[in-house]
Ligand SMILES: [Zn+2]
């Protein structure tokens with residue numbers, strides 16, 4: 001499974017500084033009304049169990065016509081996020097939404113207890 005050749009995304013990507021983990025503006029403007037089908041968005045989280053950190057970083061619009069796993073993997077990489085949650089909604093305004101899937105990425109865990117190295 002190669003992640004090298006990433007498909008083109010309809011996602012607004014922001015420049016990532018993984019050393020400082022800047023909180024960007026949330027990309028909520030992407031969540032506007034659009035189509036009358038299942039709608040998805042993803043939220044990236046920064047998690048550190050040792051320091052009780054559980055921060056939502058960014059929200060991303062998900063293109064349901066494209067491979068979900070690939071899009072999530074790319075988002076996790078961009079945000080260096082150990083946890084990405086995907087929510088689904090029946091309506092394009094996301095008035096009601098529910099958790100659809102959770103992705104964990106061990107490679108992006110903080111590892112600050114030293115056992116990851
Ligand atoms: Zn930690």
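Seen through its C-alpha gyration tensor, with square-root eigenvalues sorted a ≥ b ≥ c, the stretch 49-94 comes out oblate because a/c lies at 1.5 or above while a/b is not bigger than b/c.
Once the chain from residue 70 to residue 48 is taken as fully extended at 0.36 nm per residue, the excess over their C-alpha distance is 5.5 nm. Could you list the residues of the stretch 54-68 with an amide nitrogen less than 16 Å from a label point located 7 Å from the Cα of residue 95 in the Cα-to-C-beta direction? Output list for this probe position: empty.
Ranked by the mean number of other Cβ atoms within 10 Å of their residues, highest first, the peptides 63-73, 94-104 come out as 63-73, 94-104. In this simple spin-label model, placing a label point 7 Å from the Cα along the Cα-to-Cβ direction at both residue 55 and residue 37 gives a separation of 3.6 nm.
Every read-out reported here was derived from the displayed coordinates using simple, explicitly stated rules and does not represent laboratory data. This is a predicted model, so every value here is computed, not measured. Using ideal geometry, Cβ is built from the backbone for each residue, glycine included, and neighbour counts are taken over all protein chains shown.
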